[in-house]
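J.: Here it is, the structure in full.
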Amino acid sequence: MQIKNLAARFALAFSCALGLTTPAVARSWQCAPYAREVSGIQIRGNADTWWAQAAGRYERGRTPKAGSVMAFEATRRMRVGHVAMVSRVVGEREVLLTHANWSRRGGIERDVRAVDVSAAGDWSAVKVWYGPQGGLGTSSHPTLGFIYSGEAPKTADLPVVRMANRGGTIGVQAFVDDRF
């Protein structure tokens with residue numbers, strides 16, 4: 001009986017010590033909680049619901065502004081849409097986006113290029129930098145417009161843990177599940 005108690009105590013002590021010495025594994029971000037965190041726009045739920053939820057709560061429009069959130073339409077390839085914060089307006093048809101879960105599942109990308117490719121120049125379709133290709137992606141994505149936060153972007157306040165990748169590094173942070 002003493003051997004079983006001793007073995008159980010050893011196993012417990014070993015697992016506690018292992019838990020203290022093993023580095024914590026960073027979990028991944030989804031686009032919606034990350035966009036909420038960096039933009040200050042307090043909308044919850046999947047990205048495809050943000051545009052409708054913003055009506056009456058936040059200003060919306062077709063002109064990009066730093067700190068606003070670009071709302072992508074849901075498509076067959078992006079079933080729950082996508083949201084990304086505009087970190088900087090570069091020109092009339094070019095912005096830099098800060099977003100999560102685009103080039104790499106759960107990864108964070110800061111200041112990546114997005115270009116308006118809509119025929120009318122109204123930001124209704126964009127191409128976005130895609131890490132595995134090292135440039136703008138080959139697909140254009142329909143957007144609904146921009147949700148304005150009225151606040152400056154908060155990306156500088158967020159720490160980023162770097163994670164090795166074949167094409168460089170992509171930041172990863174803890175995942176927050178807010179779908180419910």
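Only the coordinates and a few stated rules stand behind these numbers; no lab work does. Since the model is a prediction, treat every value here as computed from it, not as a measurement. Because the Cβ atoms are built from the backbone with ideal geometry, glycine has one as well, and the counts that use them run over all protein chains shown.
J.: Which order results if T98, T75, T138 are arranged by neighbouring Cβ count within 10 Å, fewest first?
T.: Listing T98, T75, T138 from fewest to most nearby Cβ atoms yields T138, T75, T98.
J.: To make sure I understand, if each residue's beta carbon is the centre and we count other beta carbons within 10 Å, what order do R36, R79, R88 fall in, fewest to most?
T.: Final ranking by Cβ density, sparse to dense: R79, R88, R36.
J.: Which ordering of L136, L144, L97 is given by a fewest-first count of other beta-carbon atoms within 10 Å?
T.: The fewest-first ordering by Cβ neighbours comes to L136, L144, L97.
J.: Gain in length, V89 to Q133, computed as 0.36 nm per residue apart minus the alpha-carbon separation, to one decimal in nm?
T.: Full extension of this stretch gives 13.6 nm more.
J.: Assuming a ≥ b ≥ c are the square roots of the Cα gyration tensor eigenvalues, decide whether the range 75-124 counts as rounded (a/c under 1.5), prolate (otherwise, with a/b larger than b/c) or oblate.
T.: It comes out oblate by the Cα gyration axes.
J.: Please give the length that would be gained between T63 and S140 if that part of the chain were fully extended, namely 0.36 nm times their separation in residues minus their C-alpha to C-alpha distance (nm, one decimal).
T.: 25.9 nm
J.: To continue, here is another question. If you stretched the chain out fully between A119 and R44, how much longer would it get, using 0.36 nm times the residue separation minus the C-alpha to C-alpha distance?
T.: So the extension gain works out to 23.8 nm.
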